[in-house]
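Only the coordinates and a few stated rules stand behind these numbers; no lab work does. All values derive from a computational prediction rather than experimental measurement. Cβ coordinates were reconstructed from backbone atoms using ideal geometry, including for glycine residues, and neighbour counts include every protein chain displayed.
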Amino acid sequence: MKNGVQALIGAQWGDEGKGRVVDVLAREVDVVVRYQGGANAGHTVIVEGKKHVFHLLPSGMLYPNRVCVIGNGVVLDPEQLIAEIKGLDPSPEDIGTKLVVSGSAHIVMPYHKKLDALSESSRKGSSNARAIGTTGRGIGPCYVDKYNRIGIRAEDIVDERQLADKLRINIEEKNLILDKLYGEQPLDFDELYEKALSWGRFIKPYLGDSSLEIDSALRAGKKVLFEGAQGTLLDVDHGTYPFVTSSSCVSGGCCTGGTLGPGRFDRVIGVTKAYCTRVGEGPFPTEDKGDIGERLRQSGAEFGATTGRPRRCGWLDMVGLNYAVRVNGLGVIALTKLDVLSGLDELKVCTSYEIDGEGTDRFPSSAAVLDRVKPVYETFKSWKDDISKCRSFGDLPSEARDYVKFIEDKTGVRVGLIGVGPGREDTIFVDF
Ligand code: GDP
Ligand code: IMO
Ligand code: MG
């Protein structure tokens with residue numbers, strides 16, 4: 001079936017508008033799957049003027065009769081999940097939408113959040129390491145436990161015996177770290193055990209086998225959309241390491257974190273803003289710390305959906321975008337926030353880098369090298385008109401069309417969807 005299985009990923013440093021694009025596409029899709037990351041994500045969806053921010057729930061939850069899956073690759077903060085489910089209005093039950101949580105998803109425990117904060121503050125005070133500027137949601141420490149094979153999974157919090165055994169091992173280890181490394185108070189087993197069991201009682205009806213769920217949907221001819229969190233340049237392998245998150249945000253992450261083999265995917269959608277933003281620390285070649293950055297931040301309302309932090313802003317970076325095209329195998333681009341560029345005097349796009357006096361269009365793997373990059377820009381004519389009411393490509397002013405065509409020419413990838421505002425209806429479908 002044409003585009004029966006699609007992966008949607010962020011092509012920059014996150015916050016590209018993935019949630020709003022998933023929401024638009026979910027109209028035609030039966031199953032939406034989150035496959036990595038955790039409550040560090042903040043995916044905004046605006047429907048009829050009402051704002052919804054999803055941290056853990058897939059952004060398809062607002063549609064009736066869908067299946068939404070939280071895959072094994074996600075790190076699950078039960079308190080956040082429970083709050084999000086309770087906050088849904090109407091409730092998923094009322095609209096016939098089913099949530100399935102993989103039993104293999106790892107649980108973010110309160111000590112993960114504590115260790116996240118402690119390790120960030122120790123990096124801040126260190127002369128050898130720079131802080132990452134994490135969201136403080138316990139993401140890194142939880143993935144550390146997963147790969148260290150001592151993590152607690154969703155299936156464990158509904159099993160008293162398993163939970164007790166695993167929690168004891170963890171508490172012993174964490175108390176040593178808390179005491180010896182940070183001089184902090186020890187954790188209390190009983191308190192955490194009771195808390196985790198109460199989460200388990202809430203989550204039990206949602207637990208399931210994500211692989212079976214997705215497979216049976218596909219066998220029934222249904223359409224599945226994988227919803228990435230964060231973005232390519234925050235990927236633990238392919239991003240600006242160490243200023244990254246701790247999961248596989250690229251399209252390949254869908255296979256392991258969402259339980260579907262690569263042969264079953266039809267295409268990968270890359271979401272990119274018409275400019276760039278980044279929250280937290282790390283290299284950002286096109287960052288503008290002056291008037292343009294401030295103008296983009298204000299017009300684009302660039303403040304973190306999870307932490308409220310002001311996002312760093314700058315011009316579109318084609319070197320980074322072409323890198324995302326390559327490592328994700330992008331088949332189509334969803335270009336968001338084109339409206340934010342309206343009214344600027346001129347537009348710039350970074351088309352190559354100068355590194356130590358040499359020109360290159362290659363995205364360097366080293367954050368230290370990326371820190372030294374001088375962006376080389378091409379300048380474009382801007383457009384003055386408000387484009388937020390445009391609903392077809394032809395409605396856009398010629399300068400905006402040229403900007404989009406330039407992105408297509410430089411990437412070799414079609415721009416299939418354009419965002420001209422944050423609402424569901426503020427979307428131009430070109431040829432999706
Ligand atoms: P995500 O994490 O990739 O889902 O993106 P976020 O929700 O964190 O940030 C994207 C922000 O841009 C949200 O506030 C969206 O409502 C908003 N947004 C998304 N697409 C558009 C667009 O085309 N135009 C405008 N003006 N805002 C948009
Ligand atoms: P969505 O899905 C933007 C950033 C943090 C920090 C780094 C590591 O909304 O696009 P972490 O808490 O993951 O250990 O932090 O990654 N970060 C994000 N930036 N959007 C996100 O998610 C992000 N999730 C994490 O700011 O720099
Ligand atoms: Mg976000």
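General observations
- Ranked from largest, the principal axis spans of the Cα set of the stretch 261-391 equal 43, 41, 34 Å.
- Each listed q (0.06, 0.07, 0.14 Å⁻¹) maps to a log10 I(q)/I(0) for the chain, found by the Debye formula over equal Cα scatterers with no solvent: -0.25, -0.34, -1.30.
- For the stretch 1-65, diffusion coefficient by Stokes-Einstein and Kirkwood Rh (Cα), 37 °C, 0.692 mPa s, µm²/s: 264
- For ILE152, nonlocal amide neighbours, meaning residues 5 or more places apart or on other chains whose placed amide H falls under 5 Å from its own, are ILE107.
- DSSP-defined antiparallel bridges as percent of all bridges, the chain, nearest 5: 40
- Only the Cβ atoms of Lys and Arg (+1) and of Asp and Glu (-1) were treated as charged; on that basis the dipole of the stretch 106-205 about its Cα centre amounts to roughly 480 debye.
- Separation of alpha-carbon centers, the stretch 108-131 and the stretch 134-168, rounded to whole Å: 18
- For the stretch 327-337, the Karplus equation 6.51 cos²θ - 1.76 cosθ + 1.60, evaluated at θ = phi - 60°, returns couplings of 6, 9, x, 5, x, 7, 10, 9, 9, 9, 6 Hz by residue, with Gly and Pro reported as x.
- Centroid-to-centroid separation of the stretch 302-316 and the stretch 365-432 [C-alpha atoms, Å]: 19
- For the stretch 178-193, 3J(HN,Hα) computed residue by residue from phi via the Karplus equation (6.51, -1.76, 1.60; θ = phi - 60°) reads 4, 6, 6, 8, 10, x, 9, 5, x, 7, 9, 4, 4, 4, 5, 4 Hz, glycine and proline entered as x.
- Phi to ³J(HN,Hα) by Karplus 6.51 cos²θ - 1.76 cosθ + 1.60 over the stretch 124-135, Hz, x for Gly, Pro: 4, x, 9, 8, 9, 9, 9, 4, 8, x, 5, 7
- Centre-to-centre, using Cα atoms only, the stretch 202-219 and the stretch 1-67 are separated by 18 Å.
- Under a model in which nothing but the beta-carbon of Lys, Arg (+1) and Asp, Glu (-1) is charged, the chain shows a dipole of about 360 debye around its Cα centre.
- Its DSSP H runs of at least 4 residues, each contributing -39,500 (n - 2.57), put the calculated 222 nm mean residue ellipticity of the chain at -9000 deg cm²/dmol, to the nearest 500.
- The trypsin sites (Lys or Arg not before Pro) found in the stretch 334-404 that occupy coil by DSSP, while having at most 16 further C-beta atoms within 10 Å, are ARG362, ARG372, LYS384, LYS389, ARG391.
- Distances between placed amide hydrogens fall under 5 Å for VAL75 paired with GLY37, GLY38, all partners being 5 or more residues away or on another chain.
- The lysine pair tally for the stretch 106-205, using Cα distances under 24 Å and a gap of 8 or more places or different chains, is 26.
- Cα-based convex hull, the stretch 353-417, per residue volume (Å³, whole number): 133
- Taking every Cα-Cα distance in the stretch 164-319 and sorting them into 10 Å bins from zero, the calculated P(r) comes out as 9, 22, 24, 27, 17, 1 percent.
- Using the alpha-carbon positions of the stretch 106-205, Rg (one decimal) and Dmax (whole number) come out as 14.3, 48 Å.
- Partner aspartates and glutamates for LYS384 [C-alpha distance under 15 Å; skip if fewer than 8 residues away on the same chain]: ASP339, ASP345, GLU346, ASP395, GLU399, ASP402
- Distant-in-sequence amide H partners of VAL415 (H built 1.01 Å from N, under 5 Å): ILE333
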